[in-house]
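Participant: My questions all concern the structure below.
The values are calculated or read from the model by the stated rules, or taken from the named source; none is laboratory data. Bear in mind the structure is a predicted one, so any value in this text is a computation, not a measurement. No Cβ is skipped: glycine too gets one built from the backbone with ideal geometry, and neighbour counts run over all protein chains shown.
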Amino acid sequence: MSSGVVAEVPLTGLSFAGSLAMRQCFGTLSYNHADTWAMHRRVLRPVADRRLGTPDDEALGFHVLPWDSSLFGFPVAHVSADVIHTGRLPRVVESLRAEEVRLGYISVPWSDAGAAAAIALVGGRCVDRKVRFRKAVIAGLPKPAGVESVLGKPCTADLESLALVSGTYSRFRADPRIPPDLFERLYVAWIHRSMSGEIAEDVLVVRVEDRVSGMVTVVGAHGDAIGVIGLIAVHAGHRGRGYGRRLMLAAEARCAAHGVPAIEVATQRRNAAACGLYAACGYEVVRDEAVFHIWLEP
Ligand SMILES: CC(C)(COP(=O)(O)OP(=O)(O)OC[C@H]1O[C@@H](n2cnc3c(N)ncnc32)[C@H](O)[C@@H]1OP(=O)(O)O)[C@@H](O)C(=O)NCCC(=O)NCCS
């Protein structure tokens, strides 16, 4: 990897109307919310292959995230947790500064108090306790009734607002240094790019009286070892009626239909409803980690 400058990404401006008014959204998306490595690479492949997982990344201990950098307007990087145990974290932070990176993400197991202390020493702050759930997909699982795909259709205000609801506990909302409009742009870009098929293979919805009342985005195509649920939300007035469970089932059926043998979904430990839903649907926790933001003054 050469410099930490944002990659030469042909980022397309999305423009849209709706509850959030017309705006230009220079698309970016953090797949730390749903970041199986395979999906991360697939989603970013066109723009960042040379940056992710290369020997240069390993030597540097971080890689710049093009989409996040574009959204924030300055370089944002993912820092490898390996640098903590080799004692390199302070040096890596200096390299981040030298590359003018302003925000670094780093994740460590929740139980690793030593790593958390090392990150705190370089100014990192825990912004999320992220839990990843996984379930094996049953081959031939039928698609539940009352769920339809809206992939490729125009993104409606209902879908935008459900995307924002899905991010209620997001670290991009929890970190006081991130302005609320940035969080909104991130999640609105997420649903728009999902609807266009750019970063999701399907978007499934349930309707109540013709209005979209719940939605789930699914990543998982033939050949993937793991499918991923990106966003999921049910309208506040329609919760507790089984729609969340139905959407989960639909996401699993979608993976089953494409031969994807397992499915994952990540959420925040403090999101009791989401954790309850995933557990009720038979998912098991496969990872429990602390996510830190390291802000670097210019
Ligand atoms: C999480 C969410 C999608 C659940 O949708 P829902 O339609 O209310 O869920 P369901 O009615 O299908 O509930 C299915 C099961 O989930 C569990 N569950 C649902 N809400 C729960 C809550 N508030 N606390 C604990 N468990 C809950 C229960 O086990 C429930 O089964 P039961 O009704 O037999 O007890 C919904 O609460 C929501 O949209 N939350 C805000 C957005 C969000 O946080 N999304 C997750 C992002 S990772």
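Participant: Quick check on the range 120-174: of everything there that is assigned to a loop (DSSP other than H, G, I, E, B) and in contact with a Lys or Arg (Cβ under 7 Å, 6 or more places away or on another chain), which residue is surrounded by the fewest Cβ atoms within 10 Å (Cβ to Cβ)?
Facilitator: Across the range 120-174, the extreme among qualifying residues is G146.
Participant: (1) without any contact (Cβ under 8 Å) to a residue 40 or more places away in the chain; (2) of a type in the set (G, A, S); (3) in contact with a Pro (Cβ under 7 Å, 6 or more places away or on another chain): which one isn't true of A136, the others all being true?
Facilitator: (1)
Participant: Go through (1) surrounded by fewer than 19 Cβ atoms within 10 Å (Cβ to Cβ); (2) out of contact with any Lys or Arg (no Cβ under 8 Å at 6 or more places or on another chain); (3) touching a residue at least 24 places away in the same chain (Cβ under 8 Å) for A117 and report which single condition fails.
Facilitator: (3)
Participant: Here are R134, R185: which of them is basic (K, R), closer than 26 Å to L65 by Cα and modelled with pLDDT under 95?
Facilitator: R185
Participant: Just to be sure I understand the filter: pairs with C-beta atoms under 6 Å, separated by 6 or more residues or on different chains, first member in the range 238-260 and closer than 20 Å to E209 by Cβ, second member in a helix (DSSP H, G or I). Which pairs pass?
Facilitator: G244/L277
Participant: Looking at V291, V218, V203, V260 in this structure, which one is crowded, with 21+ Cβ neighbours inside 10 Å, closer than 30 Å to E100 by Cβ and more than 7 Å from the ligand (Cβ to nearest atom)?
Facilitator: V291
Participant: Ok, one more. Does at least one position in the range 178-186 carry a residue that is under 23 Å from G276 (Cβ atoms) and either crowded, with 23+ Cβ neighbours inside 10 Å or not assigned by TED's automatic domain parsing to the domain that holds V165 (or both)?
Facilitator: No.
Participant: Next up: Sort out for me the strands (runs of 3 or more DSSP E) sitting completely within the range 197-298 that have 3 or more residues that are under 30 Å from V79 (Cα atoms) and hydrophobic (A, V, I, L, M, F, W, C).
Facilitator: Fully inside the range 197-298 and qualifying: 211-219, 227-234, 262-268, 284-295.
Participant: Given the structure, is R211 touching a residue at least 60 places away in the same chain (Cβ under 8 Å), among the charged types (D, E, K, R) and within 16 Å of the ligand (Cβ to nearest atom)?
Facilitator: No.
Participant: For G282, only one of the following conditions fails: (1) within 7 Å of the ligand (Cβ to nearest atom); (2) at positive phi; (3) touching a strand residue (DSSP E or B) at 6+ places or on another chain (Cβ under 6 Å). What is its number?
Facilitator: G282 satisfies every listed condition except (1).
Participant: Go through the range 221-257 and count every residue that is among the small types (G, A, S) and within 12 Å of the ligand (Cβ to nearest atom).
Facilitator: So the answer is 9.
Participant: Residues that are of a type outside the set (D, E), over 16 Å from V137 (Cα atoms) and under 16 Å from the mean Cα position of the chain (by Cα): does the range 256-263 have at least one?
Facilitator: No, that holds for no residue.
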